[in-house]
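**Student:** Please find one structure pasted underneath; my questions will follow.
The values are calculated or read from the model by the stated rules, or taken from the named source; none is laboratory data. Keep in mind the model is a prediction, meaning the values are calculated, not measured. A quick note on method: Cβ atoms are made from the backbone with ideal geometry, for glycine too, and the neighbour counts reach across all protein chains shown.
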Amino acid sequence: YSSIRPVVFDEEISWQVYPNPSGGIFNFICQASIGDNIDIRIHDINGRQVRSFQQKATGFVQKIAIDLSASSYTPGIYLLETTAGGKKSSFRLIRL
């Protein structure tokens, strides 16, 4: 037997968010090199950071749930900023 190892066919980190728009639960799909930190920051339309957290990359495709369903997250547009492996990306989230 041998250990299971992730295979990354290209070195680009592939990310997406769905469903968008959403009633509050978003799924963030990402893949980064094993051990990398995935930093997630969410800002409201005024630029105020409303949430942030970090998760370790497994090297495999990961699904990270982002819960903005609490009443403190009013319906509107939010900015999701992500960083992993030195790469940054931004997504516009629409909370219904």
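**Student:** Can you give me the ranges of the strands (runs of 3 or more DSSP E) entirely in segment 31-96 with at least 1 residues that are aliphatic (A, V, I, L, M) and in contact (Cβ under 8 Å) with a residue 60 or more places away in the chain?
**Tutor:** The qualifying strands (runs of 3 or more DSSP E) are 76-84, 87-95.
**Student:** Return yes or no: is residue 13 among the β-branched types (Val, Ile, Thr) and at pLDDT 95 or above? Walk me through it before giving the result.
**Tutor:** On the way: among the β-branched types (Val, Ile, Thr): yes; at pLDDT 95 or above: no.
Taking the combined requirement at face value, the residue does not satisfy it.
**Student:** Oh, and also: Can you find, within segment 17-38, the residue that is nearest to residue 56 (Cα to Cα) among those that are under 8 Å from the mean Cα position of the chain (by Cα) and surrounded by fewer than 18 Cβ atoms within 10 Å (Cβ to Cβ)?
**Tutor:** Selected residue: 29.
**Student:** Do you know which residues across segment 67-84 are over 9 Å from residue 42 (Cβ atoms) and within 13 Å of the chain's Cα centre (by Cα)?
**Tutor:** The answer is 67, 82, 83, 84.
**Student:** Can you tell me which residue in segment 62-96 is nearest to residue 23 (Cα to Cα), limited to those that are of a type in the set (Val, Ile, Thr) and either surrounded by 13 or more Cβ atoms within 10 Å (Cβ to Cβ) or out of contact with any strand residue (DSSP E or B) (no Cβ under 8 Å at 6 or more places or on another chain) (or both)?
**Tutor:** 94
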